[in-house]
Amino acid sequence: MFNLLWPAIFLAIVQPSLQFNDKFDEEMLIKPLPDGFVYSYFQFTTRWDLASNDSLLHTHLVSRSVAELFHHYEISELHLSFTNGIWRYENWGFPVENAGPGAEVWAWFEPTATDGDGGVDRKWKLLCGTLSGLFCASLSFVDNTNTFQPVFSLRPVTHQFEGKPMGKIRYAALPREIVCTENLTPWKKLLPCKSEEGFVSLLTPDHIYSGNYNSLAVHIRKLCADKDCVQFQLEVKQSLSLVQDQRLFGGKDWSVRKLFKQGVQGACVLSESSRLYVDVTHQEYDMTQKPTNIIYSTRGGASSVLYEYDIKEFEKKQQMFNVAAMDKRDPLIVSIVQPPPIFSKRFISGVGQERGRIVTRITNTHWTELNLLIFENIPWFVPVYLHTLKIKRDNKLIIPNIVKYVPGRQRERPTQLELAVTIPARCTVELSIDFDYIFLKWQEYPPDASHGHYMQSSIISVLLPVGRNYTALPREAALFRDAFNATQPNGYFLQMRTEALLLTLPIPDFSMPYNVICLACTVVALAFGPIHNISTKKIVAKRKETAKPKLVDKIKGWFKRKPKKEEEEGSESLVDTCKTEEEPQKA
């Protein structure tokens, strides 16, 4: 009796001290795109309120490996993404989370982080190495040759108090990084629930990586309640964006089971809320499930209609959740959707292998002018000429408002160019800069040298006056539902990533090193070998051995053999001669 009573008393005393002030929410958005694609966005948000007596080493819903990043490297904000494919802004509008092709990472370090003794740079290198092992990626290749320090383009999304110094930023991108299941598996392990519960059960590799576009991201920030940051909130947001072609499902009708080959088993047990939103703006759908709520959102002059489904309500009915949408419109009628206010294209022009040109075309479809920030991150093996920078509109030059240029050094640091430009209304502006094709050392070429080198995508930042095609969350918002009817009088901040460029540099004849090695080894073997043998070995005359009789000679000798009597007489005479020769020696 007492053996059972003592554990109950112990739990009753200890349980109040084990309370954690953290919450976990999971959300999902399904949005049909105009050109026959479906956009699915998953978001898993964990918010943890920490006081001065709490420690980041004792976690509950937040993964300890993530909390230790803030504990050891003095960072206040971290962004990491793995993207495969290109987001088509002109046709699809704007995504909730924007990311460039390949791997992209940037972090804001605390103002107290020192620069001396390689402080920030050393912590940045260690942080990338830790993320490389945590997400099974190639982030360990991040070093000073591909790290940038943008001044205007990337701003913190945390609180900024007056009188508090600005943190230190480091940014790097690996456009050649291949995104696969090895990145998805550790990403899913950071979630509080297992892979069989909630929306994460839909994220199977065969459906994610067979789509036209997929982006895996982790956004972590430290929100301080006061200037001294005695009490703060650690927010961990994991998101996944996926674009799939409806034509693979047999038409314009879609369902959760068609998109992911299964329904939702139920909500995550540890989640505060589990909601699915279906954007039915400009759509005529018959839904198989009645929505829990219908949301009418107006933001920036643009109205949208969303159906909300509470997964926890369906879980009470002990049903597997699945919703299907059937289009009631005539399949022969194609709807025309207004393009987004701004979109861009980027490419390389030029003829030959001596000099080329990087061209970025930005189109403004809005009726007013827009102020842009363009961040061109150019690798060190692409030497550019600043005096060739031109910004044209119908053969008329546009003078940039601000130019921040940091020239690159070969094998030491990349070239950084930031421009502040005002684009007139309803026009296309072309930005171009010339560069040289250079020869690299033969060890600096990738394994497939004929494939070429990748250049990171440039970042375009703009403050939109309208919210058309805009789905991003406000800066102060944590959940997707906080974006409904969230009007921002100062404008709607947007960042776009252009395409990653593939640059084919002059390639040497890689057979020459092999030929030189073979020739050098042959010369050494022929010249050094005999000299070494003569100088180290002793020359000894060897007695010449009699040649062995051939088979034909043996056969001939067999036929020429003497009779037995002659052989015996010959042998006796041979013995007598031997005796006569030995006797004088004995005497």
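First select every other residue whose beta carbon is under 14 angstrom from the beta carbon of TYR405; then total the charges, Lys and Arg +1, Asp and Glu -1.
With Lys, Arg at +1 and Asp, Glu at -1, the neighbours total +1.
By per-residue mean of other Cβ atoms within 10 Å, what is the highest-first order of 402-409, 303-310, 534-541?
My ranking of the peptides, most packed first, is 303-310, 402-409, 534-541.
Could you compute the net charge surrounding LYS328? Neighbours are other residues with a C-beta less than 12 Å from the C-beta of LYS328; K and R count +1, D and E count -1.
-3
Which pairs, out of LYS164/LYS404; LYS194/LYS222; LYS168/LYS312; LYS31/LYS392, put more than 32 Å between their alpha-carbon atoms?
Going by Cα-Cα distance, LYS168/LYS312; LYS31/LYS392 fall outside the 32 Å limit.
Lys/Arg Cβ at +1, Asp/Glu Cβ at -1, dipole of the range 326-413 taken about the Cα centre: which of TRP367, SER349, THR388 is farthest positive-ward?
Of the listed residues, the answer is THR388.
Give the residue from ILE423, PRO506, ILE517 lying farthest towards the positive end of the charge dipole for the range 421-521; charges sit on Cβ (+1 for Lys and Arg, -1 for Asp and Glu) and the dipole is referred to the Cα centre.
Value computed over the given set: ILE423.
Taking a threshold of 21 Å on the Cα-Cα distance, which of the pairs LYS258/LYS328; LYS188/LYS290; LYS237/LYS290; LYS125/LYS441 fall above it?
Among LYS258/LYS328; LYS188/LYS290; LYS237/LYS290; LYS125/LYS441, the Cα-Cα distance tops 21 Å for LYS188/LYS290; LYS237/LYS290; LYS125/LYS441.
From largest accessible area down, sort PHE44, PHE510; use a 1.4 Å probe on the protein chains.
PHE510, PHE44
Please report, in debye to the nearest 20, how large the charge dipole of the chain is about its Cα centre when each Lys and Arg carries +1 at its beta carbon and each Asp and Glu carries -1 there.
Dipole magnitude for the chain comes out near 1540 debye.
Take the alpha carbon atoms of the chain, find their radius of gyration, then divide it by 2.2 N^0.38 Å using N residues; give the quotient.
Here the Cα radius of gyration is 1.52 times the empirical estimate.
Please report, ordered by residue number, every helix of the chain (full DSSP H runs) that is 27 Å or longer along its axis going by C-alpha atoms and whose mean Kyte-Doolittle hydropathy reaches 0.5.
Passing helices, by number: 511-536.
Roll a 1.4 Å probe over the protein heavy atoms and report the accessible area of TYR454 in Å², nearest 10.
70 Å²
HN-Hα J couplings of the range 496-505 from phi, Karplus 6.51/-1.76/1.60, θ = phi - 60°, integer Hz, Gly and Pro as x?
Calculated HN-Hα couplings, in order: 10, 10, 7, 5, 7, 8, 10, 10, 9, 7 Hz.
Mind jotting down the distance between the C-alpha centroids of the range 214-285 and the range 421-494, whole Å?
22 Å
Quick check on the range 416-533: what are the equivalent-ellipsoid semi-axes from the Cα gyration tensor, as sqrt(5λ), descending, whole Å?
Semi-axes, largest first: 58, 19, 10 Å.
Give me the dipole magnitude in Debye, nearest 20, for the range 215-310 about the Cα centre, with unit charges on the beta carbon: positive for Lys and Arg, negative for Asp and Glu.
260 debye
Return the FRET efficiency for the residue pair PHE510, SER349: r is the Cβ-Cβ distance, R0 is 22 Å, and the value is rounded to the nearest 0.05.
Efficiency at R0 = 22 Å is approximately 0.20.
With Cβ to Cβ distances under 10 Å as the rule, what net charge do the other residues near ARG346 carry (K, R +1; D, E -1)?
That sum, taken over residues with Cβ under 10 Å, equals +1.
Considering only DSSP beta bridges with both partners in the chain, what is the antiparallel share in %, to the nearest 5?
Looking only at bridges with both residues in the chain, the antiparallel portion is about 95 percent.
Which of the peptides 143-153, 371-381 is most tightly packed, and how do the rest follow, judged by the mean count of other Cβ atoms within 10 Å per residue?
Peptide ranking by packing, descending: 371-381, 143-153.
Of ASN533, GLY100, ALA478, whose Cα points farthest to the positive end of the dipole of the chain (charges on the beta-carbon: +1 Lys, Arg; -1 Asp, Glu; origin at the Cα centre)?
The residue sitting farthest along the positive end of the dipole is ASN533.
Could you pull out the trypsin sites (Lys or Arg not before Pro) across the range 303-384 that fall in loop regions by DSSP (anything but H, G, I, E, B) with no more than 16 other Cβ atoms inside 10 Å?
Here the trypsin sites (Lys or Arg not before Pro) that fit, given the DSSP loop and packing criteria, are LYS317, LYS328, ARG329.
Could you pull out every residue, at least 5 positions away or on a different chain, whose amide H is within less than 5 Å of the one on SER273? Hs are placed 1.01 Å off N in the peptide plane, and Pro or chain starts have none.
GLU26
Using heavy-atom solvent-accessible surface (probe 1.4 Å) with all chains present, what is the largest-first order of LEU519, LEU505?
Of LEU519, LEU505, the descending order of accessible area is LEU519, LEU505.
The values are calculated or read from the model by the stated rules, or taken from the named source; none is laboratory data. All of these numbers come straight from a predicted model, not from anything done at the bench. Counting neighbours? That spans all protein chains shown, and the Cβs are built from the backbone with ideal geometry, glycine included. Areas reflect the complete protein model, heavy atoms only, side chains present, ligands, DNA and RNA absent. Shrake-Rupley method; radii C 1.70, N 1.55, O 1.52, S 1.80 Å.
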